[in-house]
Amino acid sequence: MKKWKSIADAVIVKDRDVVLVEPKTFMNLSGQAVNSVMAFYKIQPADVLVVVDEVQLPLGKLRLRPSGSAGGHNGLKSVIEHVGRDFPRLRIGVDRGHPDWDLSDRVLSKFPASERNIVDRAIARAADAVEMFVSDGIHVAMNRFNAAEDQSTEEEAR
């Protein structure tokens, strides 16, 4: 697994084999790890769900898509470079923070205590979205987790 430049564990989710991969490369090289694992296990892009943080989304909002662009995300740019555009992705909103802040400080720092409740709820919902992707597919997961009423939980938590 060291040649993949990642950590990979096989787990069972809803009676299916799933490989969870956390690339240990720099974000802008993470496509190398994803591509290597996909090649080893002979996984098709449509069966991969890439989960990323997203500064362009409000804190806690989830957005699932079956394919698309990188939208400025360096990790997704790398995966697209190595795998192509046609893989599902789950973006988890982390918000950009104050416009005067350095963006790298936002994405590399811990969340402040005032945001922790929203972040914890988003993580739990993202885990549910991943499980639904595995068991029911991207479109069912999109219908459930991209729904406007599902996003209202963040407003309530604030």
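Rounded to whole numbers, the Karplus 3J(HN,Hα) couplings from phi for the stretch 128-138 are 5, 5, 5, 4, 5, 4, 5, 7, 10, x, 5 Hz, using 6.51 cos²θ - 1.76 cosθ + 1.60 with θ = phi - 60°, and x at Gly and Pro. Residues whose amide H comes within less than 5 Å of that of Leu59, counting only those at least five positions distant or on another chain, are Asp95 (H built at 1.01 Å from N in the peptide plane). In terms of the mean number of neighbouring beta-carbon atoms within 10 Å, the peptides 33-46, 106-119, 74-87 order highest first as 74-87, 33-46, 106-119.
Note on the stretch 57-105: Cα Rg divided by 2.2 N^0.38 Å, N the number of residues, gives 1.27.
Whole-percent P(r), the stretch 17-158, all Cα pairs, 5 Å bins from 0: 2, 9, 19, 21, 21, 15, 9, 3, 1. Across the stretch 89-102, coupling constants 3J(HN,Hα) worked out from phi with the 6.51/-1.76/1.60 Karplus curve, θ = phi - 60°, read 9, 10, 9, 10, x, 10, 6, 7, x, 4, x, 7, 6, 6 Hz, and Gly and Pro carry x.
For Asp86, no residue 5 or more places off, or on another chain, has a built amide H under 5 Å of its own.
Read the figures in this text as sums done on the coordinates, not as results from a lab. Just so it is clear, the model here is predicted, and its values are computed rather than measured. Backbone-built Cβ (ideal geometry, glycine too); neighbour counts: all protein chains shown.
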